[in-house]
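Heads up, the thing below is written out as structure tokens.
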Amino acid sequence: RSATPPSRTRPPWAQGSAPPARGTDDALLREVRLIRETLQRAQGNAQREQMIVERIRTHDQRVERFDQQLTQLRDEIGGIEVHIRQTDQREKSLDLQIQRAPELTQRQALQAERKEKGFTQEAQRQRLDRLREREAALTAAMQREERTLRTLESRLEALDRELEAEARKSPAAGLAGK
């Protein structure tokens, strides 16, 4: 005898249960479509979120670089300011020495030294002015980057809120729990 058990030759609905209703097929098809749409939306949102995160990382690195450059620049400015103050004091001291110098040759040597200090001092002041201009430009650039960074962070937070709201109202969210 080569008869196979009846449960294997007939579909399950032919073994005494009723065939699936057309409405059930339609409901399953709608559910599959809804899941597919939800997955496509989720993938698109994940890509958007990743792009925003990468832009945030890039702008954050730029802000960090500007901050380091400003720190170095401000250190250099501080050093030049100290040097200028010291040179000013030295010039005052030379002026007193010139007034008190008894001999003409000594006075002339001190005046020559003072003149040389004046040239150096002027060069330092010009350098200080250029550094301050650079500081202002770096500060402005860093502020622009910080504004862009805050904007991107706000966009990311808005996207997160949007995704959370969508997840709460989406019928597919209910299906995920089943």
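The values are calculated or read from the model by the stated rules, or taken from the named source; none is laboratory data. Everything numeric here is computed off the predicted structure, so don't read it as measured data. Every residue, glycine among them, receives a Cβ derived from its backbone with ideal geometry; neighbour counts consider all protein chains shown. SASA here: full protein model, heavy atoms, side chains in, ligands and nucleic acids out. Shrake-Rupley method; radii C 1.70, N 1.55, O 1.52, S 1.80 Å.
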Checking the conditions here, which among R107, R127, R150 is in a helix (DSSP H, G or I), under 30 Å from L39 (Cα atoms), basic (K, R) and without any contact (Cβ under 8 Å) to a residue 60 or more places away in the chain? R150
Residues located in the stretch 84-105, provided they are under 26 Å from R74 (Cβ atoms) and exposed (fewer than 11 other Cβ atoms within 10 Å of the Cβ): R85, Q86, Q89
Out of all the residues in the stretch 17-24, is one or more at pLDDT 85 or above and more than 16 Å from the chain's Cα centre (by Cα)? yes
In the set E81, E157, E91, E133, which member is out of contact with any Cys (no Cβ under 9 Å at 6 or more places or on another chain) and under 22 Å from I56 (Cβ atoms)? E157
So, first residue more than 16 Å from E31 (Cα to Cα) and open to solvent by 40 Å² or more (accessible area, probe 1.4 Å) in the stretch 161-178, second residue at pLDDT 80 or above and assigned to a helix (DSSP H, G or I), Cβ within less than 7 Å, six or more apart or across chains; the pairs are L163/N45
F66 is checked against (1) in contact with a Pro (Cβ under 9 Å, 6 or more places away or on another chain); (2) among the aromatic types (F, W, Y); (3) modelled with pLDDT of 90 or more and fails just one. What number does that condition carry? (1)
Here are some conditions: (1) open to solvent by less than 50 Å² (accessible area, probe 1.4 Å); (2) within 43 Å of the chain's Cα centre (by Cα); (3) modelled with pLDDT under 95. A140 meets all but one. Which one does it not meet? (3)
List, please: which pairs have Cβ atoms under 7 Å, are six or more places apart or on different chains, and start with a residue in the stretch 37-50 that is farther than 10 Å from L159 by Cβ and β-branched (V, I, T) and end with one that is open to solvent by less than 100 Å² (accessible area, probe 1.4 Å) and modelled with pLDDT under 85? T38/S170; T38/A172
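What are the residues in the stretch 106-136 that are under 36 Å from the mean Cα position of the chain (by Cα) and surrounded by 11 or more Cβ atoms within 10 Å (Cβ to Cβ), if any?
Answer for the stretch 106-136, where residues must be under 36 Å from the mean Cα position of the chain (by Cα) and surrounded by 11 or more Cβ atoms within 10 Å (Cβ to Cβ): Q124, R125, R127, L128, L131, R132, R134, E135.
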For the stretch 72-82, does any single residue satisfy the condition of being closer than 25 Å to L156 by Cα and modelled with pLDDT of 90 or more? no
